[in-house]
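Take a look at the structure below.
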Amino acid sequence: MSQSFAKLAGVDLSKVRQHAALPVEAAVAVQGCTDVEDALQKLEAAGFHLEAARLMAHALPKREAVWWACMCASHTAPADLPTPDQKARQMAEDWVRQQTDKLRREAMAQAESGGFGTPEAWAAVGAFWSGDSMSPEGQPAVPPAPHLAGTAVAGSIALAAVRGEVARRAARLKRFLESGRNIAQGGPGRLPPEET
């Protein structure tokens with residue numbers, strides 16, 4: 001693993017592959033890979049950009065993965081993004097900056113109020129599933145499965161890639177993966193608003 005991808009160091013590729021649920025063709029492309037960085041490169045080279053994004057979503061630490069989802073959602077967000085979705089992304093970003101249970105639960109409440117149909121909502125769900133419990137406050141803890149945050153982030157990325165103009169999907173996924181690599185290197189992964 002390259003020192004430059006420090007956020008992916010020590011990640012168990014076999015577990016990540018299992019959670020990313022790669023289709024057979026993509027799984028063949030990464031046979032023999034020993035680390036996430038190599039697998040990402042092989043997937044991208046073979047044209048499996050969505051699969052590479054799913055792998056990245058499960059490989060990044062939860063905090064960084066949620067941030068990545070927020071950056072990608074922000075990139076394709078329309079100017080008239082509904083308020084619940086704006087708030088969901090803001091709550092997810094706030095949770096990244098300060099991982100409190102209160103912010104995590106507020107993020108989930110905003111995702112729910114918007115109907116769970118947007119990249120912003122799934123970024124917020126990713127924040128919620130990154131916590132200690134999915135049960136209501138004051139109830140016995142029900143921990144989320146460790147891969148659920150990555151699943152929510154992968155969903156957010158997939159939705160952001162097809163928002164508005166599906167024809168932009170491939171180019172968007174390439175930009176998203178560049179952002180994810182930047183985050184894996186310790187950068188902010190920021191993406192400017194998409195030109196219309």
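For GLY10, which of the numbered conditions (1) exposed (fewer than 14 other Cβ atoms within 10 Å of the Cβ); (2) part of a helix (DSSP H, G or I); (3) not β-branched (Val, Ile, Thr) fails to hold?
Evaluating GLY10 over (1) exposed (fewer than 14 other Cβ atoms within 10 Å of the Cβ); (2) part of a helix (DSSP H, G or I); (3) not β-branched (Val, Ile, Thr) leaves (2) as the failure.
For region 140-173, how many residues meet the condition of being surrounded by fewer than 15 Cβ atoms within 10 Å (Cβ to Cβ) and either in contact (Cβ under 8 Å) with a residue 24 or more places away in the chain or on the phi > 0 side of the Ramachandran plot (or both)?
Looking only at that region, the number is 2.
Taking only pairs six or more apart or across chains, which ones have beta-carbon atoms under 6 Å, a first residue in region 101-128 that is β-branched (Val, Ile, Thr), and a second residue that is modelled with pLDDT of 95 or more and in a helix (DSSP H, G or I)?
Close Cβ pairs (under 6 Å, with a partner that is modelled with pLDDT of 95 or more and in a helix (DSSP H, G or I)) amount to THR118/ASP85; VAL125/ALA111; VAL125/ALA152.
Would you mind finding the one in GLU137, GLU93 that is in contact (Cβ under 8 Å) with a residue 24 or more places away in the chain, crowded, with 17+ Cβ neighbours inside 10 Å and over 12 Å from the mean Cα position of the chain (by Cα)?
GLU93
Got a number for residues in region 13-30 being touching a Lys or Arg at 6+ places or on another chain (Cβ under 6 Å) and either assigned to a helix (DSSP H, G or I) or exposed (fewer than 12 other Cβ atoms within 10 Å of the Cβ) (or both)?
2
Could you list, in sequence order, all residues of region 49-86 that are without any contact (Cβ under 8 Å) to a residue 40 or more places away in the chain, surrounded by fewer than 24 Cβ atoms within 10 Å (Cβ to Cβ) and of a type outside the set (D, E, K, R)?
Once the filter is applied, which keeps residues that are without any contact (Cβ under 8 Å) to a residue 40 or more places away in the chain, surrounded by fewer than 24 Cβ atoms within 10 Å (Cβ to Cβ) and of a type outside the set (D, E, K, R), region 49-86 yields ALA79, LEU81, PRO82, THR83, PRO84, GLN86.
Please verify whether region 113-128 includes one or more residues that are of a type in the set (D, E, K, R), touching a Gly at 6+ places or on another chain (Cβ under 9 Å) and farther than 16 Å from LEU60 by Cα.
yes
I'd like to verify a number: residues in region 64-84 that are among the charged types (D, E, K, R) and closer than 26 Å to ASP132 by Cβ, how many?
Number of matching residues: 1.
The values are calculated or read from the model by the stated rules, or taken from the named source; none is laboratory data. Predicted model only: the values in this text are computed from it and were never measured. In this analysis, Cβ positions are derived from the backbone assuming ideal geometry, glycine residues included, and neighbour counts consider all displayed protein chains.
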